[in-house]
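What follows is a short report on a single structure.
The values are calculated or read from the model by the stated rules, or taken from the named source; none is laboratory data. Predicted, not measured: the structure shown is a model, and the values here were computed from it. Virtual Cβ from ideal backbone geometry, glycine too; neighbours counted across all protein chains shown. Surface areas here come from the heavy atoms of the whole protein model, side chains and all, with no ligands, DNA or RNA. Shrake-Rupley method; radii C 1.70, N 1.55, O 1.52, S 1.80 Å.
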Amino acid sequence: MRKLFVTDCEGPISLNDNAFELASHFIPDGDKFFAAVSRYDDILAYEIKRPGYNAGDTLKLITPFLKAYNVTNDKIVEFSRENINLVPWARQLLQRIREFMPSYIISTSYKQYIEALCNLINFPLENTYYTSLDIDSHELPEDEREKLFQFKDMIVESADFETMDRIFFKEIPRMRIGKLIEDVKTVGGEGKRLALKEILEREKIPIKSTLYIGDSITDVEPLRYTRGRGLAVSFNGNQYAVKEADIVIIAENALPIGLIADLHSRFGRDYIIEFVKAYTMDPERALENFRISYDIFEEFMKTFKRFPKILIPDDDIEEIVEESLQMRKRIRGEAIGGLG
């Protein structure tokens with residue numbers, strides 16, 4: 001039976017959060033601004049579950065502010081090209097997996113970043129899903145620019161839900177630049193699940209033959225859709241991803257994804273779950289006793305002095321979440337690692 005590999009981008013493949021980095025670079029106090037909007041996004045998507053709102057719509061909400069600080073399509077392209085940081089072994093992971101099964105990236109990131117990443121790692125852009133943004137096609141009157149500067153300061157200084165709700169759902173929609181937010185269609189949450197379904201239909205592969213890798217709140221829907229049928233994997237995920245996963249990987253590089261993907265390409269879900277259970281008890285023995293491809297086995301033994309965590313979430317879920325978050329912050333930095 002043909003198998004399918006689908007992964008998020010930022011987290012499993014790259015260490016970046018491109019939108020956070022763009023905001024931090026181009027907007028004064030942009031790191032604080034983006035963190036506040038990201039927390040607001042988490043509340044809307046995961047707690048309130050506002051109809052029509054998707055996890056990852058942060059990338060819509062920040063666009064008028066990027067425009068206000070003179071960000072252009074070309075600046076996003078240039079910045080993205082110059083600031084890609086890959087997870088160690090991610091390039092080899094995608095090159096190897098593409099030899100054995102159809103492989104896709106579903107990302108909430110802007111197209112400019114995904115295109116730059118694909119050019120860097122020689123991955124086909126047609127096998128990716130992303131958020132399209134044409135920031136140049138919208139005009140920003142000077143009076144609205146000044147108002148956005150004020151809104152940004154308010155968000156940084158107060159960061160309370162009511163203030164942001166008024167800004168994003170009452171004030172900006174009345175402005176001309178509000179059309180920019182309307183025109184950005186983010187691929188996050190439900191959008192990622194729909195992208196996954198589209199891939200399954202295109203490849204004529206059932207969900208039970210699918211491996212999905214995610215790490216954040218934007219992956220909740222596709223992880224939930226895959227869990228229990230295919231294989232839903234959290235890689236250095238936050239609490240949102242870990243709690244929706246069949247398998248949790250906590251590692252400094254992407255080689256453990258390669259290990260699970262190698263097994264997935266040749267065996268069914270039950271075999272892989274049994275491997276993970278055995279690995280949790282005795283990693284070296286499991287690697288020797290299960291049918292791991294020799295090159296992956298050799299690379300694993302050579303790379304790790306201390307074996308990474310690969311486990312099934314259980315009653316100790318909060319401890320697993322904490323350990324996963326610690327690794328997430330360690331390899332991606334406190335600021336990015338703390339985002340939803």
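Quick notes on this one:
- Over segment 224-303, relative contact order from alpha-carbon pairs under 8 Å, at least 6 apart, %: 21 percent
- Largest mean-square fluctuation among Pro51, Pro222, Pro313, in a Gaussian network model of the chain whose springs join Cα atoms under 10 Å apart, belongs to Pro51.
- Antiparallel %, DSSP beta bridges [both residues in the chain], to 5: 20 percent
- Apportionment of accessible area to carbon and sulfur, segment 83-164, percent (1.4 Å): 43 percent
- With protein chains left intact and a 1.4 Å probe, residues in the chain average 44 Å² of accessible area per residue.
- For segment 114-254, size of Cβ-based charge dipole, Lys and Arg +1, Asp and Glu -1, in debye: 800 debye
- Cβ-based net charge around Thr128, under 14 Å, with every Lys or Arg adding one and every Asp or Glu removing one: -1
- Nearest-0.05 FRET efficiency for Glu162 and Arg330, computed from C-beta distance (R0 30 Å): 0.30
- Within straight-line cross-link reach of Lys179, lysines at Cα separation under 27 Å, skipping those fewer than 8 residues along the same chain: Lys32, Lys49, Lys60, Lys67, Lys75, Lys111, Lys147, Lys152, Lys170, Lys192
- If the segment from Lys277 to Asn289 were pulled out straight at 0.36 nm per residue, it would be longer than the present Cα-Cα gap by 3.1 nm.
- Helical contribution to [θ] at 222 nm, DSSP H n ≥ 4, -39,500 (n - 2.57), averaged over the chain, rounded to 500: -15000 deg cm²/dmol
- Extension gain for the segment Glu47 to Thr303, taken as residue separation times 0.36 nm less the Cα-Cα distance, is 88.1 nm to one decimal.
- Charge dipole (Cα centre; +1 on Lys/Arg Cβ, -1 on Asp/Glu Cβ; no other charges) of the chain amounts to roughly 1020 debye.
- Neighbourhood net charge (14 Å Cβ-Cβ; Lys/Arg +1, Asp/Glu -1) for Asp295: 0
- Each Lys or Arg adds one and each Asp or Glu subtracts one; over the other residues with Cβ under 12 Å from the Cβ of Ala286, this totals -1.
- Relative contact order (%) - criterion: Cα under 8 Å, at least six apart; region: the chain: 21 percent
- Projecting label points 7 angstrom from Cα along Cα→Cβ for Lys204 and Asn119 puts them 3.6 nm apart.
- As a fraction of the 1.4 Å probe accessible area of segment 193-303, surface on carbon and sulfur atoms comes out at 46 percent.
- Among Phe290, Met327, Leu117 - extreme Cα towards positive end, dipole of the chain, charges at beta-carbon: Phe290
- Using a cutoff of 8 angstrom between alpha carbon atoms and counting only pairs six or more residues apart, the relative contact order for segment 48-173 works out to 28 percent.
- Within a Gaussian network of the chain (alpha carbon springs, distance under 10 Å), most fluctuating of Asp143, Asp314, Asp134: Asp143
- Most mobile listed residue (Arg291, Arg266, Arg50) in the chain, GNM with C-alpha springs under 10 Å: Arg50
- Heavy-atom accessible area ranking, 1.4 Å probe, most first, across His25, His264, His138: His25, His138, His264
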